[in-house]
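The values are calculated or read from the model by the stated rules, or taken from the named source; none is laboratory data. All of these numbers come straight from a predicted model, not from anything done at the bench. Note that we place each Cβ from the backbone using ideal geometry, even for glycine, and neighbour counts take in every protein chain shown. Side chains included, ligands, DNA and RNA excluded: accessible areas come from the protein's heavy atoms. Shrake-Rupley method; radii C 1.70, N 1.55, O 1.52, S 1.80 Å.
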Amino acid sequence: MLKDITIGQYFPGDSVLHRMDPRAKIITMILYMVALFLCANAMAYIELTIFTLIIVAIAGVPVKMLLKGLKPLWFILILTFCLHVFMTPGEIIWQWGIIEITVQGLRQAVFMVIRLVYLVTITSLLTLTTTPIALTDGIELLLKVIRIPIAHELAMMMTIALRFIPTLIEETEKIMKAQLARGADFENGGLIARAKSLIPLLVPLFLSSFRRADELAMAMEARCYRGGENRTRMKQLTMGKRDGVAFVVSALFLVIVLLTNNWA
């Protein structure tokens, strides 16, 4: 299950999305998210689905990898669906005692599940098609545009966090296998018993995380790291025609979603 988390991983490729400027990808992702949360009817979600499938096809990332990244979310998706189905008032289409399903609840549940799936998909595509260094540079330059004084530090912290997600997942699996070999049981028992069984897993994981953080800090100090002051880049980020086209297409899609919400 832990290996199914794709956020923070990078998939090498030479697609149009891989070659785009990271700043353009971040801005277009924000526009996509705005359109996603503004969708209010079935037609808008159909348009969103078509647009998402086009992005996935352009990215060149295997669909199996994206679907694998959704596996850890099954519980959240089912819980979200059930909460909206059974707790949204409206026109009743099925009832059994105090349990009832309404048209509005079923509609809202489907829309919320689709929204979560697409949100995770587009976020995974950003990290799968962008190297950690490029992502850091893109975030830093965007933060400088809005005049955040510690732009470099914030960008580095976010990117290090994303970069170490796969590392911590791998470390967790190693510790879990070692504890299972020693007779640990993480699946049987009640909720309290399962919570207690996680202590032999969490303590070594936290110690390993602190050790890695300390080693990273020592390595940065040994290389005389001084933050973003007078820092140069081997590869300068430049906006190209494909980035301009991405801006225009994303903005047009946002306008189409707004018009669909008003007319449908």
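For n ≥ 4 DSSP H runs only, could you compute -39500 (n - 2.57) per run for the chain, divide by its residues and tell me the 222 nm figure to the nearest 500? For the chain, the value works out to -23500 deg cm²/dmol. For residue 79, put the label point 7 Å out on the Cα→Cβ axis and report which residues of segment 107-135 keep their amide N under 14 Å from it. Backbone N within reach: none found. For residue 64, list the aspartates and glutamates whose Cα falls under 13 Å from its own Cα; do not include residues on the same chain fewer than 8 positions away. Those aspartates and glutamates meeting the cut-off are 4. By the Kirkwood approach, averaging reciprocal distances over each pair of separate Cα atoms, segment 52-112 gets a hydrodynamic radius of 13.5 Å. Each Lys and Arg adds +1 at its Cβ and each Asp and Glu adds -1 at its Cβ; summed about the Cα centre, the chain shows a dipole of about 540 debye.
Given the C-alpha centroids of segment 102-169 and segment 243-263, what is the distance between them in whole angstrom? Using only Cα atoms, the two centres lie 21 Å from each other. In percent, rounded to a whole number, the relative contact order of the chain is 33, using alpha-carbon pairs under 8 Å and six or more apart. Quick test of the membrane-span-like rule: which DSSP H helices of the chain reach at least 18 Å along their long axis (C-alpha atoms) with mean Kyte hydropathy at least 0.0? For the chain, where a helix must reach 18 Å along its axis and average at least 0.0, the hits are 22-38, 42-59, 74-87, 103-128, 132-145, 151-181, 199-222, 241-263.
Shape analysis of the chain yields a ratio of the Cα radius of gyration to the Kirkwood radius, Rg/Rh, of 1.03. Taking all Cα pairs closer than 8 Å and separated by 6 or more residues, the relative contact order of segment 121-264 comes to 20 percent. In terms of accessible area, using a 1.4 Å probe and ignoring ligands and nucleic acids, 145, 56, 203 rank largest first as 145, 203, 56. Taking 7 Å steps out from each Cα toward its Cβ at residue 238 and residue 67 produces label points 4.1 nm apart.
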